[in-house]
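Only one structure is covered here, and it is reproduced in the block below.
The values are calculated or read from the model by the stated rules, or taken from the named source; none is laboratory data. As the structure is a prediction and not an experimental result, all values here were calculated from the model. Reconstructed Cβ throughout: ideal geometry from the backbone, glycine too, with neighbour counts over all protein chains shown. Heads up: the accessible areas ignore ligands, DNA and RNA and are worked out on the full protein's heavy atoms, side chains in. Shrake-Rupley method; radii C 1.70, N 1.55, O 1.52, S 1.80 Å.
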Amino acid sequence: MKRSHKLGLLALGLAGAASVIALSATAAPESVKLTGTRVDNFMLPDQTGMGHELFYFKNAPAVVIVSGVLGDDTTKKAAAELQKLKAQYEAKGVHFVMLNSSLEDSRDEIIHEAAHLGVPMLADSLQLVGRSLGVTKTGEAFVVNPKTWTVAYHGPVTEALGDKKVKGAGVSAAIDSLLAGGMPKVTEASVKGKAIAFPDRVKAPQWKSISYAKDVAPVLQAKCVVCHTEGGMGPFPMDSYQTVKTMAPMIRESLRTKRMPPFHSDAHWGNWSNDMLLSNEQIKTVINWVEAGAPRGEGGDPLAEKKYVPPEWPLGQPDAIVEIPAFDVPESGYIDYQERSVDAKLTEGKWLKATAWSGSSPAVHHALAGWIPEVREDGKGFSWNTSLGGYGPGGDANLTPDDTGIYIPPGGSYAYQMHYTSNGKKITDKTKVGYYFYKEAPTKILRQTSVTDFSLEIPAGAARHHETAYLIFPDDAEIFGTQPHCHSRCYSTKLTIRYPDGREEVLLNQPRYDFGWQREYHFEPMLQVPKGSLMIADYVFDNSANNPSNPDPTHKVTFGEQTSEEMLFTFMRFRFKNETVANRRDDLMKALQSSVVFGAFDDDRNGEIVPAELRSDPRFGPLKGYIGMVDANKNGSLNMAEWTTAMNMMQQMRNRPGAAPAAAAPAAKPDAGAKAMLDNVTGQ
């Protein structure tokens, strides 16, 4: 079927959605009856930074959304009632949130003041959700039926909170009706609450004057066309007004759910030199234009007039291009990590400036590049201390800061660890790697490390399971970029720094993690990390049936290589301030890595590891037997110094002839690939 015909059929399917959009966007007066209207998908972060996407709860019997603002009496009463309802109905799958669409409440105020609210409060800072939902005041409850995504009940949380007491009004009665397979007897009731101003509602008639040529197309050219081009990563090319108009409802939903652009950082935290996000004004311009019916207006069609053709190598022609040996990925089944090496043919040492990737198939879960001193044909069983970058789905080139590089000695081989995941059809992967070298040697060395947790255990069916890990910087450093990595059960991630004085600052928050887009976030300016600072990674996993990517919600999940297992890696690329090319500080790197394993087990971050924190990890379980032997202060736990002693004892046991296999750590499987990954990101 031709693409134009496909889009034409899709347009018919989306026409109804477009008409709903136009109606809901201007719904404002309190007299408007909202029961039966469709609720459009959205994703907003709560006071903890975790995201809530409406359509994610498609299996819930009901989703309850209640409007509220900070410091409001009606909101406080509604929140107290919601806590009671949550205790009563959450086990039955009902999801409860409060929606803060006030322009007077800042995100920081919501984070601070709603911390002990008892229910998630979503920050609707652009008012897009509250505006389309039809919110007018605080205390308005919307009970949404996920079977139809329509409002089943609109009114006060309880009868007592109504403006006029209507017998039978309330969220509890509405939920009971939906649970019983029926509809609420009372569907509309007025609410007494504080008015919430929505200035854009009165401006809705002006949206038809938004210019496609002057206002909308330039935003798409700047932020979207790089992927949405013929043959690009986007599912359709933005190559004309007609295509954009056809896909307008999808574009609107992608912006409302923060699914696109594929830069899934929370805009509230972090300044990034490679930021792909639209500004607030750009988001509102595009969404308002769509809600006005996507008018063509006057002027040319910039998208049709100037076709974007993505270059194979956006950074320019590489100094060296390596074709990783092709691999035939089967349509199904378990695939071991594929390790390959290619003769580097380097007659002299080089300083790496950047690594770019081309031609990777959708079957590539990740690819890691490194250098090994020997030339090997089979490429089996190696690890390396010279990491040259990595790639994940949707990833970009691996860059370096100015005057900072990675040294590659002469000779040897380029080494690659390829992780393939079957996707239902046979495919041949032909990944190519481009290397860019410095013309003159830099003065500073780029290092890599990761916060990781090899001990994670996610219970079967757990909808929101938290895991955490950290590392400690042994000296002053500057972090260039960071990249979280987990698999299909990963829901959200956060990276926080705890400074030596105890102050904490969120650096990167991903309200909704998307495995399909593995991106590194480059700090702007580089993050200054004082000696003794902790880098803390917090991950939330969803192992429930609600997770559409979950391979098996009945299975307890532990750390492992395959996409069906899980990982917790937050990679960081950095440089030590007191290290130069002329003065390497490998001792600092060794000290840093000692804290990585310690921070993986110290879940309460108190600087001590107790036996329970070792959990059932097969590689470090034997340490439980050594705690009494190395617990110098006899407090029943291990501090960093005692931990190091225990690790050295295990190393000696492993090296001793005839050592019992049970004392060996780490095991050869299932974490051989993970160990290689850790080796690759913790070397030079």
A 1.4 Å probe over the protein heavy atoms gives segment 241-373 a carbon and sulfur accessible-area percentage of 50 percent
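Ignoring any ligand, DNA or RNA, what whole percent of the accessible area of segment 392-454 comes from carbon and sulfur when the probe is 1.4 angstrom?
Details: 1110 of 2160 Å².
Carbon and sulfur: 51 percent of the exposed surface of segment 392-454.
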For the chain, what is the convex hull volume of its Cα atoms per residue in Å³?
-> 178 Å³
Helices from the chain with mean Kyte-Doolittle at least -0.5 and a Cα length along the axis of 18 Å or more, per DSSP H: which?
-> 3-25, 586-601
In Å², what does the accessible area per residue of segment 296-370 work out to with a 1.4 Å probe?
-> 54 Å²
Sequence-distant aspartates and glutamates (8 or more away, or on other chains) whose Cα lies within less than 19 Å of residue 531 = 475, 476, 478, 501, 504, 505, 579, 586, 587
Long pairs among 444/590; 223/284; 167/192; 164/194; 307/439, criterion Cα-Cα beyond 23 Å = 307/439
Please calculate the 1.4 Å probe accessible area of residue 629, with all protein chains present, and give it to the nearest 10 Å².
-> 130 Å²
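Keeping every protein chain present and rolling a 1.4 Å probe, give me the accessible area per residue for segment 63-148 in Å².
I get 37 Å² per residue for segment 63-148.
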With no solvent and one equal point scatterer per Cα, compute the Debye intensity ratio I(q)/I(0) for segment 221-313 at 0.13, 0.24 Å⁻¹ and report its log10, rounded to two decimals.
-> -0.47, -1.43
All lysines inside 17 Å of residue 494 as judged from Cα atoms, apart from same-chain residues fewer than 8 positions distant = 258
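May I ask you to rank 319, 429 by accessible area, largest first, using a 1.4 Å probe over the protein chains only?
319, 429
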From highest to lowest solvent-accessible area (probe 1.4 Å; ligands, DNA and RNA excluded), 374, 305 read 305, 374
Computed lengthening from residue 76 to residue 629, 0.36 nm per intervening residue step minus Cα-Cα distance = 193.7 nm
Please give the per residue accessible area of segment 429-468, computed with a probe of 1.4 Å over protein heavy atoms only, in Å².
-> 34 Å²
Local charge sum around residue 520 (other residues, Cβ-Cβ under 15 Å, Lys/Arg +1, Asp/Glu -1)?
-> -1
Isolated cysteines for the chain, Cβ-Cβ cutoff 4.7 Å, are 224, 227
May I ask you to list the lysines whose Cα is less than 25 Å away from that of residue 432, ignoring any residue fewer than eight positions away on the same chain?
-> 345, 350, 353, 380, 675
